[in-house]
Amino acid sequence: MKRLSILVFSIFLNLDYSLAANEVIQVRMSKSEATEFCKVWFAALVRGDRPVESSVQALLAEFYSDDITLIDPNFPQPLLGKSAVAGYYRIILNSYPNWKFEIRDIYPTERGFVLYYEGHVPGVVEKFLGSDILEFDEKGKITKLIEFYDRQPFIEAAKQGSTPRNQENP
């Protein structure tokens, strides 16, 4: 995981942040503010028995800007805008309705924070680790989410025939 963290920070430092001077928005969040944000965000990422569509719409309305960019290792191109991100979350919340996350550490940045976490998907993946880079607008909505996580536990689970439970057609 140390290699993953080094890779995340190295990519983060090399990202192109070329914005016009009037477009630069600094959203400083303390470590404790970021921790509180994650607790509420994590709770919204757990669908449980709620319908997929209402869970997705509530998640997007509360946490994401209209021009959200989501970068995930499963997609060759970034997902741009709420519509594309909604499709992603329909699949995720349908497949993993009861996944859980625990904060391992948070590193505040000028535009948000880097989150190092541990995830659990009951009945599918016992444990996986990841780091996300989150950037926010002046309203406190996520404008960019860059996800890095260890996909190997999911690949192994698929090879062993472990499949998500509690599925609902999106």
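The values are calculated or read from the model by the stated rules, or taken from the named source; none is laboratory data. This one's a predicted model, so the numbers in the text were calculated from it and none came from an experiment. Backbone-built Cβ (ideal geometry, glycine too); neighbour counts: all protein chains shown. When the accessible area is computed, the model is the full protein with side chains, heavy atoms only, and any ligands, DNA or RNA have been set aside. Shrake-Rupley method; radii C 1.70, N 1.55, O 1.52, S 1.80 Å.
Which count do you get for residues in the range 142-170 that are in a loop (DSSP other than H, G, I, E, B), open to solvent by less than 50 Å² (accessible area, probe 1.4 Å) and at pLDDT 85 or above?
The qualifying residues number 0.
Is it the case that G119 is touching an Asp or Glu at 6+ places or on another chain (Cβ under 9 Å), in contact (Cβ under 8 Å) with a residue 24 or more places away in the chain, within 29 Å of Q160 (Cβ to Cβ) and buried (at least 16 other Cβ atoms within 10 Å of the Cβ)?
Against the criterion (touching an Asp or Glu at 6+ places or on another chain (Cβ under 9 Å), in contact (Cβ under 8 Å) with a residue 24 or more places away in the chain, within 29 Å of Q160 (Cβ to Cβ) and buried (at least 16 other Cβ atoms within 10 Å of the Cβ)), G119 qualifies.
Suppose we filter the range 114-141 for residues that are under 22 Å from L60 (Cβ atoms), of a type outside the set (V, I, T) and assigned to a strand (DSSP E or B); how many remain?
Counting residues in the range 114-141 that are under 22 Å from L60 (Cβ atoms), of a type outside the set (V, I, T) and assigned to a strand (DSSP E or B) gives 8.
Go through the range 45-68 and count every residue that is open to solvent by 20 Å² or more (accessible area, probe 1.4 Å), assigned to a helix (DSSP H, G or I) and touching a helix residue (DSSP H, G or I) at 6+ places or on another chain (Cβ under 8 Å).
Number of matching residues: 4.
Can you name every residue in the range 118-152 that is more than 23 Å from K82 (Cβ to Cβ) and of a type outside the set (D, E, K, R)?
Matches in the range 118-152: G119, H120, V121, P122, G123, V124, V125, F128, L129, S131, Q152.
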